């Protein structure tokens, strides 16, 4: 799985050199932010179901046409799958917080997603809305510290940009 450490080592290895000072500074910065990332991961773990439900509700509120017959959210099965997908993205973000890199999102959430959504005729805008809601709902100090919220929001932004 890709993390800051594995990325720095792989980059140096591919160039046939030892890790440079900037490689090591990148790793050190990641280690210094580890406490904040773990705080965010823990807070998300405790509230994952509620955050996913609120995000799902926000996307359906913005795109109510999805509930119309034949649309992506028109049956109970489709609704459950949409909610599951939002929860899946949030769980991947939680994994990214733990490992300190975008590896889980890259490998399990982003790779091939556009092709899958196109093949199934699923719009990505509702997922963008759901993740944007999750990002905008976060509040410091109510939910987590400012640094933890920054780490969490950065990964949400990464996922949002991949879907846009």
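Here are some notes:
- Counting only helices (runs of 4 or more DSSP H) that fall entirely inside segment 1-119 and contain at least 2 residues that are modelled with pLDDT of 90 or more and either within 19 Å of the chain's Cα centre (by Cα) or assigned by TED's automatic domain parsing to the domain that holds residue 135 (or both), the qualifying elements are 34-62, 76-99.
- Residue count, segment 145-164 (criterion: over 19 Å from residue 87 (Cβ atoms) and in contact (Cβ under 8 Å) with a residue 24 or more places away in the chain): 7
- Residue 125 vs. criteria touching a residue at least 40 places away in the same chain (Cβ under 8 Å), touching a helix residue (DSSP H, G or I) at 6+ places or on another chain (Cβ under 7 Å) and on the phi < 0 side of the Ramachandran plot: no
- Residue that is without any contact (Cβ under 8 Å) to a residue 24 or more places away in the chain and loosely packed, with under 15 Cβ neighbours inside 10 Å, where the choices are 79, 61: 61
The values are calculated or read from the model by the stated rules, or taken from the named source; none is laboratory data. As the structure is a computational prediction, the values presented were derived from the model and not from experiment. All Cβ positions, glycine included, derive from the backbone under ideal geometry; neighbour counts span all protein chains shown.
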